[in-house]
Amino acid sequence: MIEKSYPPNLPSWISDGGENFEVVISTEALYVRNLADRPFPNTLDREEREISRRQMTEILGRILPDYRFLETDRMEEQDRKYLAERGSLPEELLPRPQGTGLFLTEIENSWVALNTSDHLRFRFVMPGTDVETVYRKARDLEEKMEQSLPFAYSERFGFLTSRPTECGTGLMIGFIVHIPGIVYSNNFSKLRDSLLKAGLTLKPFADPSISSEGHLFWIRSAHTLGLDEEEILETSRDMIYELVEMEFKARDAIMSKARYQVEDKILRGIGILTHARMIARQEGYALANALRLDAAEGITLDAIDLISATELFLVGKPAHLTAIVGEGNQLQMDTNRAELFRDYLKIEG
Amino acid sequence: MNNICQLCKKNNAEIKCVIVVDGVRTEKRVCQECARKAGIVEQNKMNRKRTRDIITRTDSENELFCPGCKLTYSLFLKTGLLGCSQCYSTFSAALTDILKGIHSASYHKGRGLGEENTFDVAQLKWKLSEAVRQEDFESAARLRDEIKLIEKESN
């Protein structure tokens, strides 16, 4: 059971900050690998998955001394959700955890997941734009594993994965970006189209079922076949620097053309945060969006710093809220959220 | 009246086509000639061929399945997940089309497995862990010696 903690204990990629953190919250490198000569986990039954988990755990335990091992099927659902909300557990392990496992570092900058639909998925994450470091660290992990685990590979299709969308290099580069400037200046669909053309996908960071006016998105490279690793890195790097420039330009433009509207949105947000007694999840996201833009650009009252504003996106999520202030029904959750958000503000309500 | 091409309004309409613009579907009946001019025929033929291809493959007992993990092609289409390494060779013809659609490529480019020795040792270590688990200590001892030998040689 995850201990209740206040102030909340958050992963390093959110609380450290990094290059271009105003726009890019984090960069990750993700590898997918399978073991040669045995079926992928999605065709194994529970017992077979448990056996393969035991074998992989034995070997990985020696290779990964800095990681703690979690038997995901023995964890409480709430704890799995908590880790998934902060990206420290792949979402695939939420509904079907039998025979799966997770190696996770203390500061949660890296995990290795066992027996998702593939034998091994592992990632490394850093705050800001740091494609080189995440790639180098993930590659180090891969090299270490390759010494003891025989990977499934074919000359024609590269590293073999259960999803044809991931075979080849099996390498994906992802980012979490905050782009209120692009959204406010109505350039969002233009951005989405140009990302698609460059072979990257974009999806909302918040629960897609919540249709808040989100400004926080996941971007991930989608082509793993036909490009070598260097080309994947280059495409991602070029795209992210272009996006950062585009976002800063858009922010400058809206600040010169529509300063009052932006200030109005932010100050209304602060007004709600300082006085509201209940904040629903969707409203929480909208407020976090406005406050993070304010913190990044220093537009109004300096009510919150950039890292705290980033944390708001996470601490308002249900499993986090439960872990931080305790369980409750919808009404209590909304009340707890309002109270917690108020604590984050530097000004008194 | 219904059988007159809705584009040229002269010939008999033989093809029904569905046009989707911004999510709005409109159906038109057109003649062979107009369809060819609009580039509809080729598209339609290709789709028909692909659909037929899938239907024959998924049809009853003759359905293509992977000898490695018994995954059938229709199940793969349903879940989007392959079951084992061998699926890639079993379904390679269909996968080539699918991969081209996803990645605009169907051949791997770039780094492969590490040196041959690394792969051999990794495989032996994996077999060793299997032997230990099954308490087959005789095989385990043999495998351990083999690993030591290869590692010594490569150093």
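Check segment A:160-167 and report whether any residue there is more than 30 Å from B:Lys78 (Cβ to Cβ), more than 7 Å from every other protein chain (Cβ to nearest Cβ) and part of a helix (DSSP H, G or I). Within segment A:160-167, none of the residues are more than 30 Å from B:Lys78 (Cβ to Cβ), more than 7 Å from every other protein chain (Cβ to nearest Cβ) and part of a helix (DSSP H, G or I). When we screen A:Phe157, A:Phe151, A:Phe124 for residues that are within 9 Å of another protein chain (Cβ to nearest Cβ) and in contact with a Lys or Arg (Cβ under 6 Å, 6 or more places away or on another chain), the only hit is A:Phe151. Every listed requirement among (1) closer than 22 Å to A:Ser12 by Cα; (2) surrounded by fewer than 21 Cβ atoms within 10 Å (Cβ to Cβ) is met by A:Val112 save one, (2). In summary, A:Asp294 fulfils each of the numbered conditions (1) in the same structural domain as A:Leu273 (by TED's automatic domain parsing); (2) modelled with pLDDT under 90; (3) over 25 Å from A:Gln78 (Cα atoms) with the single exception of condition (2). Of the listed requirements (1) within 19 Å of the chain's Cα centre (by Cα); (2) crowded, with 18+ Cβ neighbours inside 10 Å; (3) touching a residue at least 40 places away in the same chain (Cβ under 8 Å), A:Asp79 misses just one: (2).
Among the residues here, A:Arg86 does not qualify as within 14 Å of chain B (Cβ to nearest Cβ) and among the basic types (Lys, Arg). If you go through segment B:92-139 and keep only what is more than 9 Å from chain A (Cβ to nearest Cβ) and part of a loop (DSSP other than H, G, I, E, B), you end up with B:Glu115, B:Gln134, B:Glu135, B:Asp136.
In segment A:183-196, the residues that are closer than 14 Å to A:Ile254 by Cα reach residues that are in a loop (DSSP other than H, G, I, E, B) with C-beta atoms within less than 6 angstrom, at least six apart or across chains, in these pairs: A:Val183/A:His215.
The values are calculated or read from the model by the stated rules, or taken from the named source; none is laboratory data. Everything numeric in this text was worked out from a predicted model, so none of it was measured. As a convention, Cβ positions derive from the backbone with ideal geometry for all residues, glycine included, and neighbour counts pool all protein chains shown.
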